[in-house]
Amino acid sequence: MDRDTDLNEKLRQTAREIATVESEERTLGLSVLYDLTAERLVRLAATITRHQQDSEDAVSAALVKLAARPQLLISADRPWHYVLRMVRNESLVILRSRGRWTSIGRLADRLVGRAADVVAQRDESRHIWDALSNIPGRQREVVVLKIWEQMTFAEIGEVLDITPSTAASRYRYALEKLSRHLRPHFESTRQENDVVGSGVAQ
């Protein structure tokens, strides 16, 4: 309990310090928030997302929002509990989003080229890159950094000079658009496989 009392005071003090500088100068305050809380917050987020990268993204999104609005921590009765709730909420958002992404036929797996054979893989790659060319460039670069470079949303935000939550939103929108572009191809491929499979069974 003493540890959390001390942490509450440190969080409130850090928030006060963040509030005294311009928004573009709050990087140092954000790093202090990370140092104070990240290990414990990622552990909490991991119990919800069950995925290390998603957990780090949830923590990053929550702390970036707090650095942008330090008054939330200053006015909270127990800043640490407030941070925990924010991270829990961000984790649930990511979890729900991941469910939507999974429901579009595990698009990420297809994007990195996991077709069963070389010919099918080349065919899928062509369709995927055609689809990528039809989405906005800002969304396309997030997809490439997230899937091929295996970056967290925090890392993507740093590279693109955007917030982690903006990176996550662009990624979600990109996958939804890619799904719409690619669904006819994937469905026709599945139907062809079903026909072949039924022929073999006979």
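Of the GluC sites (Glu not before Pro) in the range 3-91, the ones in a loop by DSSP (not H, G, I, E or B) with at most 12 other beta carbons within 10 Å are Glu22. Under 5 Å between amide hydrogens, built in the peptide plane, is the criterion, and for His51 it picks out nothing among residues at least 5 positions away or on other chains. Give the shape of the range 1-84 as rounded, prolate or oblate, defined through the alpha-carbon gyration tensor: a ≥ b ≥ c are the square roots of its eigenvalues, a/c under 1.5 means rounded, and otherwise the shape is prolate if a/b is larger than b/c and oblate if not. Taking the square roots of the gyration eigenvalues as a ≥ b ≥ c, the range 1-84 is oblate. Seen from Ala58, the other residues with C-beta closer than 9 Å to its C-beta sum to a net charge of -3, counting Lys and Arg as +1 and Asp and Glu as -1.
Of the accessible area of the range 1-97, computed with a 1.4 Å probe over protein heavy atoms only, carbon and sulfur atoms account for 50 percent.
Derived scalar couplings between HN and Hα for the range 9-19 equal 5, 5, 5, 5, 5, 4, 4, 4, 5, 4, 5 Hz in order, rounded to whole Hz, by the Karplus curve 6.51 cos²θ - 1.76 cosθ + 1.60 (θ = phi - 60°), x for Gly and Pro.
Placing pseudo-labels 7 Å out from each Cα toward the beta carbon at Leu72 and Val159 gives an inter-label distance of 2.6 nm.
Could you list the trypsin sites (Lys or Arg not before Pro) in the range 1-101 that lie in coil according to DSSP, counting only those with at most 16 other Cβ atoms within 10 Å of their Cβ?
On the way: sites: Arg3, Lys10, Arg12, Arg16, Arg26, Arg40, Arg43, Arg50, Lys65, Arg85, Arg88, Arg96, Arg98, Arg100; in loops: Arg26, Arg50.
Within the range 1-101, the qualifying trypsin sites (Lys or Arg not before Pro) (loop, at most 16 other Cβ atoms within 10 Å) are Arg50.
Label sites at Glu22 and Asn89, each approximated as a point 7 angstrom past Cα along Cα to Cβ, lie 2.9 nm apart.
The values are calculated or read from the model by the stated rules, or taken from the named source; none is laboratory data. Predicted, not measured: the structure shown is a model, and the values here were computed from it. Heads up, the Cβs are rebuilt from the backbone with ideal geometry, glycines too, and the neighbour counts pull from every protein chain shown. Each accessible area value is taken on the protein alone, full model and side chains, heavy atoms only, with ligands, DNA and RNA left out. Shrake-Rupley method; radii C 1.70, N 1.55, O 1.52, S 1.80 Å.
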